[in-house]
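The values are calculated or read from the model by the stated rules, or taken from the named source; none is laboratory data. Worth saying up front: this structure is predicted, and the values here are computed from it rather than measured. Counting neighbours? That spans all protein chains shown, and the Cβs are built from the backbone with ideal geometry, glycine included. Side chains included, ligands, DNA and RNA excluded: accessible areas come from the protein's heavy atoms. Shrake-Rupley method; radii C 1.70, N 1.55, O 1.52, S 1.80 Å.
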Protein chains: 2
Amino acid sequence: MSNRTLISAVAGLVGQEVTLKGFVRTVRDQKRIQFLVMYDHTGAIQVVHMKEDSPALAATISSLTDESAVVVSGKLVENSNVKLGGVELQLRSIEVCNLAQSPLPIQSDSSLDLRIDNRHLSLRSATDQLVIRVQTTMERAMRDFWERAGFAEIHSPKLMGVASESGAELFSLKYFGDKTAYLAQSPQFYKQMAIAGGLDRVFEVGPVFRANPSFTSRHDTEFTSVDMELAWTESHEDVMRFEEEWLASVIAAVKAKHGDEILELFGVEVVVPQTPVPRISLADARAILEARGHVIDHKADLDPEGERMLSTYIAETFGHEFVFVTDYPVEVRAFYHMRHPDNPQLTMSYDLLWKGLEITTGAQREHRVDRLMAQATDRGFDLLPLEHYFKFFEHGCPPHGGCGVGLTRLLMIMLQRSNVREVTFLYRGPNRLTP
Amino acid sequence: MSNRTLISAVAGLVGQEVTLKGFVRTVRDQKRIQFLVMYDHTGAIQVVHMKEDSPALAATISSLTDESAVVVSGKLVENSNVKLGGVELQLRSIEVCNLAQSPLPIQSDSSLDLRIDNRHLSLRSATDQLVIRVQTTMERAMRDFWERAGFAEIHSPKLMGVASESGAELFSLKYFGDKTAYLAQSPQFYKQMAIAGGLDRVFEVGPVFRANPSFTSRHDTEFTSVDMELAWTESHEDVMRFEEEWLASVIAAVKAKHGDEILELFGVEVVVPQTPVPRISLADARAILEARGHVIDHKADLDPEGERMLSTYIAETFGHEFVFVTDYPVEVRAFYHMRHPDNPQLTMSYDLLWKGLEITTGAQREHRVDRLMAQATDRGFDLLPLEHYFKFFEHGCPPHGGCGVGLTRLLMIMLQRSNVREVTFLYRGPNRLTP
């Protein structure tokens, strides 16, 4: 690792001998001169070699294939004709660490599926590199905010002995003989256990699993869920207030570090949301949609088209990309959402929409065990499989609330991609378990 | 959430009216005066109430059970007789948010199994709170170091289409009809894919799964693995050099933030390792152990007793808690470890021992696909299930190395606990899938 210079640093090192480590982008082999463009994760540079200086080096360069891994040494010189920062490297030596097989299995216009088949190569594209860097920055900023707010980090188990929230879309497996384990669909119950356990405020970033057979652009069978839970909230309003400040700080961090590059590569202006984010009750949202001719018939929730129309309305009316939709009826929410004291048909819950897509569900939780059990019964749940869950609330569990965010969905909307597959390190779907 | 004062802040607020939110530790109900000790995640405080001031309040306090969740308001006053910081709260009002059922299902001397059965309560103990706080600080410090070193974060899939490294100890599940998925035992292949994909340096903190039926103090069926991989390392020495600096900074961060509390609650002095950590080849380690009368017969690895004896030797000789054991023979290492150019029977790999227990395995990886396939064949692997893996190395994968660390094992040794179950948020074992 010794003596490596990152390509991003070359501008300040003109006149010096350096060693660069990276990949071959292109080779132009001319009659007397050879040009090699190489890149690493920080940038690209032109390497130049006069063939007569070294026939051996010239032969090595002629043999190079695109994407090969190389270590290149030489002197950095100014050359105002060179697009890549006005600096090029005069070749002194080159080591070919790993010659790429040719032809490459993907080109820039390859299908998304073929790109995923060759994820070890498609990851090298400038856009995919940026996606991972933005994700890294996002998570870093999330943790900065949580740390300042006194959160503890938890890693809850993904193997569960009982089907959790719904039992639908659940993967199961044989576990030591005749036992059955289930893969966690969310850390919901465990972050509530942490609150009961006095950790006060907790977050988790980890995988969740959904045995969902659909192939939409928004679904995958495994994704990274970002979850947080706060003790002593008094209503979903407290949770929204926390989430909007948290999210604004995350988006601000991404804009500061990657805003220019996101604009350049994705054509998207990252907008840091003003807080407070507009809030609207589901009932009011439906009335607005109906006035605009969009009637949602039976289900008490918004449909995808309704979400898009509502975000358009909010953008027109408030100039805002985000909207909290609040107070969902009990029949479309989890049984553990707290109900409004003055209207037990409505939950103290919300969804957060960004540019027409739902990115978060949050709520004040019911922490009083008798009411919690009554709500579960009311929603048709068998109480026995939930007995471990109910126990969390028997010994002084504080009031609490929280929310969960899909990491790739957040990335997809931020970068205005049309499919979660484009922003996932390695997508998993009903027909996709490889590579 | 409004107006909450954390108990850690009371010393600076004497004379003021505050609202505290937390749990009941004890109630002493005397003839004319009542004492309530309450705590939150930051500390404990005595609350005092003269019964004659309010018979209603007195009745509420008399009804309180241990561990109930309460919101208490009143005036902070100095009282030099009080152990808890010399400050107590004169009660003005109390709200009982959640009365704990009595008696509690666990006491301070309850068995570990019963404590795990009631994790929502055992988490409230000072020791278990500290474990989670130390873990949070550890991970934070890890990420600080990685960020300064230019790492990207990845979340690799836990559902895999093919059995990975060994096929042993692997959980499998039915996946959409007749397909089979496996739960990842490590992110090894995917962090290597990320390196092939040009991400240069990557880390992942996430769950791994081991269908290991054993019940030792060091094993669980699911745990949090801390993995990192670095492009352009030239040998395992580069990886060790990185890991020791990383680990020293992590331990220093824990010592700075929690050193006093760890000493007080666990009786353990946290020692920040001097770098470089001593290195010893496995062959030399075995010779030393043999000279001390411990002969490891057939297997080419250290046994647990050998690891303990070696750490004792290193402590005596170098005054160091850590030791890198290097150059393991090929038959006890993964097929993808690079072999020494001058001795193909030995791998360019290492284990890191801390106080007699292995916490890390690391290695330079074989990145040349022809050698990699030959090594897999040599070790008896069927190449077909590995074809996706081999493809990572066909298009210019740089030389690279990395290592993996078990998070709970690290915590267990740091806090000198005898069992990973004592330092896991929620333990999973062959007979343990709940709560």
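Once you place label points 7 Å from the Cα toward the Cβ at B:Q274 and A:T42, how far apart are they in nm?
The two pseudo-label positions are separated by 3.3 nm.
If you stretched the chain out fully between A:R25 and A:M50, how much longer would it get, using 0.36 nm times the residue separation minus the C-alpha to C-alpha distance?
7.1 nm
If the chain between B:E147 and B:V332 were fully stretched, how many nm would it gain, using 0.36 nm times the residue separation less the Cα-Cα distance?
63.3 nm
Could you tell me which of B:Q416, B:Y328, B:A363 has its Cα farthest along the dipole of region B:305-435 towards the positive end, charges placed at Cβ (Lys, Arg +1; Asp, Glu -1), taken about the Cα centre?
The residue sitting farthest along the positive end of the dipole is B:Q416.
Only Cα pairs under 8 Å and at least 6 apart count here; give the relative contact order of chain B as a rounded whole percent.
Averaging sequence separation for qualifying contacts and normalising by length gives 13 percent for chain B.
Which trypsin sites (Lys or Arg not before Pro) in region A:20-121 sit in a loop by DSSP (not H, G, I, E or B) and have at most 16 other Cβ atoms within 10 Å of their own Cβ?
Values: sites: A:K21, A:R25, A:R28, A:K31, A:R32, A:K51, A:K75, A:K83, A:R92, A:R115, A:R119; in loops: A:K31, A:R32, A:K83.
In loop regions of region A:20-121 (DSSP not H, G, I, E or B), the sparsely surrounded trypsin sites (Lys or Arg not before Pro) are A:K31, A:R32, A:K83.
Between helix B:282-291 and chain B, what is the angle of the helix's C-alpha long axis to the longest principal axis, kept within 0 to 90° and rounded to the nearest 10?
70
To the nearest 0.05, how large is the calculated FRET efficiency for A:T127 and A:S281 if R₀ is 45 Å and r is the Cβ-Cβ distance?
Using R0 = 45 Å, I get an efficiency of 0.70.
Taking the alpha-carbon centroid of each part, what is the distance from region A:31-73 to region A:173-233 in angstrom?
If we compute the Cα centre of each part, the gap is 49 Å.
Straight distance only, please: which lysines reach the Cα of B:K51 with their own Cα at less than 16 Å, same-chain residues fewer than 8 apart left out?
Partners found: B:K31.
I'd like the interface area for chains B and A: accessible area of each alone minus the complex, both sides summed, 1.4 Å probe, protein heavy atoms only. What is it in Å² to the nearest 100?
8700
Checking buried surface per residue: for region B:390-435, which residues lose a minimum of 30 Å² accessible area in the protein assembly relative to the chain alone (1.4 Å probe)?
Residues of region B:390-435 that lose at least 30 Å² of accessible area once the other chains are added: B:K391, B:F392, B:E394, B:H395, B:G396, B:F425, B:L426, B:R428, B:P430, B:L433, B:T434, B:P435.
Run through the other copies and list how far each one's label point is from that of B:D303, in nm with one decimal, shortest first; the point sits 7 Å from Cα along Cα-Cβ.
6.9
Loop-only GluC sites (Glu not before Pro) in region A:238-294, please: DSSP not H, G, I, E or B, and at most 14 other Cβ atoms within 10 Å.
A:E269
In chain B, if the dipole is taken from +1 on Lys/Arg beta carbons and -1 on Asp/Glu beta carbons about the Cα centre, which of B:L64, B:N81, B:P105 is farthest to the positive end?
Most positive-ward Cα: B:L64.
Which distances, in nm and shortest first, link the B:T42 label point to the same label point in every other copy, taking 7 Å along Cα→Cβ?
4.0
How much of the accessible area of chain A, probe 1.4 Å, is carbon plus sulfur, in whole percent?
Values: 8400 of 16760 Å².
About 50 percent, which is the carbon plus sulfur part of the accessible surface.
Got the A:A149 label distances to the other copies yet, label 7 Å along Cα→Cβ, in nm, shortest first?
Result, one decimal in nm: 3.0.
Using the Cβ atoms and a cut-off under 13 Å, what net charge is assigned to the surroundings of A:I94, where Lys and Arg are +1 and Asp and Glu are -1?
Local charge sum for A:I94: 0.
Give, rounded to the nearest 20 debye, the magnitude of the charge dipole that chain B has about its Cα centre when Lys and Arg contribute +1 at Cβ and Asp and Glu contribute -1 at Cβ.
It works out to roughly 1340 debye.
Quick one: accessible area per residue over chain B, 1.4 Å probe, rounded to a whole number of Å²?
Per-residue value: 39 Å².
Which of rounded, prolate or oblate describes chain A when judged by the alpha-carbon gyration tensor and an a/c cut-off of 1.5?
The shape class here is prolate.
Let me know the mean shielding of A:221-228 by other chains, meaning the per-residue number of their Cβ atoms within 10 Å of its Cβ.
That average works out to 2.
Taking 2.2 N^0.38 Å as the expected size of a compact globular protein, what ratio does the Cα radius of gyration of region A:309-421 give against it, to two decimals?
Compared with the compact-globule rule of thumb, region A:309-421 sits at 1.27.
Just grab the label-to-label distance for B:L6 and B:N343, each label 7 Å out from Cα along the Cβ direction, in nm (one decimal).
In this crude label model, B:L6 to B:N343 measures out at 5.3 nm.
For the rotation that superimposes chain A on chain B, which residue of A has the C-beta lying nearest to the axis, and at what distance in Å?
A:L173, 2
Given axes a ≥ b ≥ c from the Cα gyration tensor, I'd like to know whether region A:1-147 is rounded (a/c under 1.5), prolate (a/b larger than b/c) or oblate.
Taking the square roots of the gyration eigenvalues as a ≥ b ≥ c, region A:1-147 is oblate.
Mean residue ellipticity at 222 nm from the helices of chain A, using -39,500 (n - 2.57) per DSSP H segment of n ≥ 4 over the full residue count, to the nearest 500 deg cm²/dmol?
Estimated from H runs of four or more residues: -9000 deg cm²/dmol.
Apply the a/c threshold of 1.5 to the C-alpha gyration tensor of region A:178-294 and tell me whether it is rounded, prolate or oblate.
Since a/c stays below 1.5, the shape of region A:178-294 is classed as rounded.
Below 8 Å between Cα atoms, with a sequence gap of 6+, how large is the relative contact order for region B:282-435 in percent?
Rounded, it is 16 percent for region B:282-435.
By how many nm would the segment from A:A374 to A:R241 lengthen if fully extended, with 0.36 nm per residue of separation less the alpha-carbon distance?
Net length gain for the segment: 45.0 nm.
Given +1 on the Cβ of Lys and Arg, -1 on the Cβ of Asp and Glu, and no further charges, what dipole in debye does region B:1-147 carry about its Cα centre, rounded to the nearest 20?
240
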